[in-house]
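Student: This is the structure, below, for whatever I ask next.
A short reminder: the numbers here are calculations on the coordinates, not readings from a lab. Model, not experiment: these values are computed from the prediction. Note: ideal-geometry Cβ built from the backbone for every residue, glycine included; neighbour counts use all protein chains shown.
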Amino acid sequence: MFDIQQIMKILPHRYPFLLVDRVLELSETHAVGIKNVTFNEPFFQGHFPAEPVMPGVLVLEAMGQVAAMMLSAKPGSENLITFLTGVQKAKFRRPVKPGDQLVTTAEMIRLRGKMGKVRTVGRVDGVVAAEAEFSFVAAETLAESPKERKDEE
């Protein structure tokens, strides 16, 4: 299991765009992660104050971040960062609201060199909230890796 401190050593995202709170399972081909959705999220101020709903694009972002964690399980990936190149088959089945826990399962469909494709499913209380396939490319980071930055602190 990876807590938020360990996740921040791997993913470059930071508040308010770090949308994974915990990773429960992680391998080169599979990951399960959690986003605890609270009313304190900044996007709820405008989306929508009377009926708060997590924006679909941020649901996809949270799911993509769980998928990006899979790359970190591959040996030699310490200085790689994933960039989204495409979203396919995205479907939203139910809204994600304050108090929900979005549990994302990600499965590697294929990985050839630094290009890949993953399938993700986000569930709330066991019910599918969203699903999508993501295409990505892994690239060398231009800046220091999060691990190197952490070591310097």
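Student: If you scale each eigenvalue of the Cα gyration tensor by 5 and take the root, what three semi-axes come out for the chain, rounded to whole angstrom and sorted largest first?
Tutor: With the √(5λ) rule applied to the chain, the semi-axes are 25, 18, 13 Å.
Student: Counting only pairs 8 or more places apart or on different chains, how many lysine pairs in the chain have C-alpha atoms closer than 22 Å?
Tutor: Close lysine pairs under the 22 Å cut-off: 17.
Student: Could I ask something else about it? How do Ser72, Ser77 line up, fewest other C-beta atoms within 10 Å first?
Tutor: By the 10 Å Cβ count, ascending: Ser77, Ser72.
Student: Sequence gap at least 6, Cα distance under 8 Å: using those rules, report the relative contact order of the stretch 29-153 to the nearest whole percent.
Tutor: It rounds to 31 percent for the stretch 29-153.
Student: Whole-Hz ³J(HN,Hα) for each residue in the stretch 83-97, computed from phi via Karplus 6.51 cos²θ - 1.76 cosθ + 1.60 with θ = phi - 60°, x for glycine and proline: what do you get?
Tutor: 10, 5, 10, x, 10, 10, 6, 6, 9, 10, 9, 7, x, 9, 10
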